[in-house]
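K.L.:
Before we start, here is the structure in question, set down as structure tokens.
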Amino acid sequence: MKLLEDRIVKDGKVKGTQILRVDSFLNHQMDIELFGEMAKEFKRLFEGEGINKILTIEASGIGIACIAAQTFGVPVVFAKKSPSKNLPDNIYSTKVESFTHGNIYDVMVSRQFLNKDDRILIIDDFLANGAALDGLISIVKDAGAHLCGVGIAVEKAFQPGGSRLRESGIRIESLARVASMSEEDGVTFVTE
Ligand code: 5GP
């Protein structure tokens, strides 16, 4: 999606060789007009899939997922990362290794909000090694729901998550696919 790629080039900051910071428009301050355009693109890509629910993970996926959900006209469920007194006993739970922090944490979704009749679109801000997606996919499987696909804002295509998950048969649509990045030369994108 050219609009997102142009914004990454303009306002993204490469940190080292692995981290792309997009906190001025995507995951700290959020450009809702941009999110609206991204939502329209997700809607176009997944048209006809009968999606009835969007699943994401806190925190950075929530904003993008909410604007997308408004365009799809469906609710959003977000997986919680920390144990909360508000969570019922009846939960789907799995472990995820954090890309940005390196630690392992539990993610949880109440069984009340996911079931076998659901047709799910997973949405997240970044795809790197795919650990966050592995966690969400395993929760969808536990619920017996149908996974229609995954919508990602920024995929770092030089990291292995995208190819691994596509090879396993999961449909992944990324709006910007970073081919390479460095502090000196900036960001280049996969062209297809
Ligand atoms: P994965 O689980 O695919 O390795 O990493 C995905 C998660 O790590 C995303 O939900 C995102 O929060 C975070 N992440 C991974 N790479 C980056 C990055 O380059 N920049 C930012 N801002 N977050 C990232």
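The values are calculated or read from the model by the stated rules, or taken from the named source; none is laboratory data. Predicted model, so just to flag it, every value in this text is computed and none were measured. We place every Cβ from the backbone using ideal geometry, glycine too, and count neighbours over all the protein chains shown.
K.L.:
So if I check each of 120, 152, 104, which one is crowded, with 21+ Cβ neighbours inside 10 Å and more than 17 Å from residue 75 (Cβ to Cβ)? Even if it seems obvious, please write down each step before you answer.
P.N.:
Details: 120 fails: more than 17 Å from residue 75 (Cβ to Cβ); 104 fails: crowded, with 21+ Cβ neighbours inside 10 Å.
Step by step, each of 120, 152, 104 is checked, and only 152 is crowded, with 21+ Cβ neighbours inside 10 Å and more than 17 Å from residue 75 (Cβ to Cβ).
K.L.:
List pairs: first residue in the range 115-144 and at pLDDT below 95, second residue more than 8 Å from the ligand (Cβ to nearest atom) anywhere in the structure, Cβ distance under 8 angstrom, at least six positions apart or on different chains.
P.N.:
none
K.L.:
Collect the residues in the range 21-44 that are touching a residue at least 60 places away in the same chain (Cβ under 8 Å) and either surrounded by fewer than 16 Cβ atoms within 10 Å (Cβ to Cβ) or of a type in the set (Val, Ile, Thr) (or both), keeping them in residue-number order. Full working, then the answer.
P.N.:
So the first thing to find is which residues in the range 21-44 are touching a residue at least 60 places away in the same chain (Cβ under 8 Å), and the list is 22, 26-27, 38, 41-42.
If the condition is that a residue be touching a residue at least 60 places away in the same chain (Cβ under 8 Å) and either surrounded by fewer than 16 Cβ atoms within 10 Å (Cβ to Cβ) or of a type in the set (Val, Ile, Thr) (or both), then 22 is the only one that fits.
K.L.:
Still on this structure, please answer the following. Considering only residues that are assigned to a loop (DSSP other than H, G, I, E, B) and out of contact with any Gly (no Cβ under 8 Å at 6 or more places or on another chain), look in the range 27-48 and name the one that is nearest to residue 67 (Cα to Cα).
P.N.:
31
K.L.:
Take the conditions surrounded by 15 or more Cβ atoms within 10 Å (Cβ to Cβ) and small (Gly, Ala, Ser) and apply them to residue 161. Does it pass?
P.N.:
So residue 161 fits the description; yes.
K.L.:
Can you name the number of the only condition in (1) exposed (fewer than 15 other Cβ atoms within 10 Å of the Cβ); (2) farther than 18 Å from residue 187 by Cβ; (3) at pLDDT below 95 that residue 18 fails?
P.N.:
Checking residue 18 against (1) exposed (fewer than 15 other Cβ atoms within 10 Å of the Cβ); (2) farther than 18 Å from residue 187 by Cβ; (3) at pLDDT below 95, the one that fails is (2).
K.L.:
Another question about this same structure. I'd like the residue in the range 118-171 that is polar (S, T, N, Q) and within 9 Å of the ligand (Cβ to nearest atom) and, out of all such residues, is farthest from residue 50 (Cα to Cα).
P.N.:
The initial filter retains those residues of the range 118-171 that are polar (S, T, N, Q), namely 129, 138, 159, 163, 168.
This time we only want the ones that are within 9 Å of the ligand (Cβ to nearest atom), so: 129, 159.
Values: 129: 28, 159: 31 Å.
Across the range 118-171, the extreme among qualifying residues is 159.
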